[in-house]
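Undergrad: This is the structure, below, for whatever I ask next.
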Amino acid sequence: MKNNFFAKVGNSFKESYTELVHKVSWPSRSELTNSAVVVLVASIIIALVVWLMDFSFEKIMTFVYGLF
């Protein structure tokens with residue numbers, strides 16, 4: 001029973017390794033760089049939008065609280 005379990009686990013690792021080495025198509029360096037740049041630009045844009053919303057909300061709330 002235990003030998004069968006360890007054989008299955010070992011076989012699973014071998015199959016995973018074979019798939020990663022022989023079947024997966026890895027991106028080229030230029031594709032990886034392009035993807036990283038897209039993620040970086042998108043992250044900066046989202047951060048700026050969130051900052052602008054936070055800044056605006058702070059100014060609006062400061063104005064509203066100043067009325068009282």
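Undergrad: Regarding the stretch 40-53, can at least one residue be identified that is at negative phi, exposed (fewer than 10 other Cβ atoms within 10 Å of the Cβ) and part of a helix (DSSP H, G or I)?
TA: No - not one qualifying residue is present in the stretch 40-53.
Undergrad: Starting from the stretch 28-41, keep only residues that are modelled with pLDDT of 95 or more, then list their pairs with residues that are surrounded by 10 or more Cβ atoms within 10 Å (Cβ to Cβ) and not in a helix (DSSP H, G or I) whose Cβ atoms are within a distance under 8 Å, requiring at least 6 positions of separation or different chains.
TA: Qualifying pairs under 8 Å: Ser35/Pro27.
The values are calculated or read from the model by the stated rules, or taken from the named source; none is laboratory data. Since the structure is predicted, the reported quantities are computational estimates derived from the model, not experimental observations. Positions of Cβ are generated from backbone atoms using ideal geometry, with glycine treated the same way; all protein chains shown enter the neighbour counts.
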